[in-house]
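Novice: Take this structure first; my questions come after.
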Amino acid sequence: MSPETQMSKCVFCGENATRKNSNGQPVCNEHMREDPKSVACPECGLPMKIKEGRYGFFWGCEGYPKCKQTFQVEAVVEKDGD
Ligand SMILES: [Zn+2]
Ligand SMILES: [Zn+2]
């Protein structure tokens with residue numbers, strides 16, 4: 001198996017993202033026009049920022065390395081049902 005680029009998930013809905021918004025957040029076609037999503041760190045209250053790591057995109061606290069709070073993109077999507 002050759003390593004493939006991991007498909008990133010839309011920060012809004014968790015569907016496969018097709019592009020990034022102005023803040024570098026992966027978004028799907030449906031959410032590309034949304035204002036950039038903001039997530040506050042539950043540990044320190046600072047904003048979380050989308051970062052790209054070896055295993056894809058994730059939310060990391062702006063207070064890093066003081067605060068090491070992170071979330072998977074999928075963990076912070078709003079699931080408002082079908
Ligand atoms: Zn979306
Ligand atoms: Zn924090």
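The values are calculated or read from the model by the stated rules, or taken from the named source; none is laboratory data. These figures come from a predicted structure and were not determined experimentally. As a convention, Cβ positions derive from the backbone with ideal geometry for all residues, glycine included, and neighbour counts pool all protein chains shown.
Novice: Just give me the residues in the range 27-63 being aliphatic (A, V, I, L, M), farther than 15 Å from SER8 by Cβ and surrounded by fewer than 20 Cβ atoms within 10 Å (Cβ to Cβ), in sequence order.
Specialist: Step one: list which residues in the range 27-63 are aliphatic (A, V, I, L, M), which gives 27, 32, 39-40, 46, 48, 50.
Within this subset, residues satisfying the condition of being farther than 15 Å from SER8 by Cβ are 39-40, 46, 48.
Within the range 27-63, VAL39, ALA40, LEU46 qualify.
Novice: If a residue must be within 15 Å of ligand 1 (Cβ to nearest atom) and at pLDDT 95 or above, how many such residues does the range 51-63 contain?
Specialist: Taking the range 51-63 as the starting set, the residues that turn out to be within 15 Å of ligand 1 (Cβ to nearest atom) are 57.
After this cut, where a residue has to be at pLDDT 95 or above as well, the list is none.
Within the range 51-63, residues that are within 15 Å of ligand 1 (Cβ to nearest atom) and at pLDDT 95 or above number 0.
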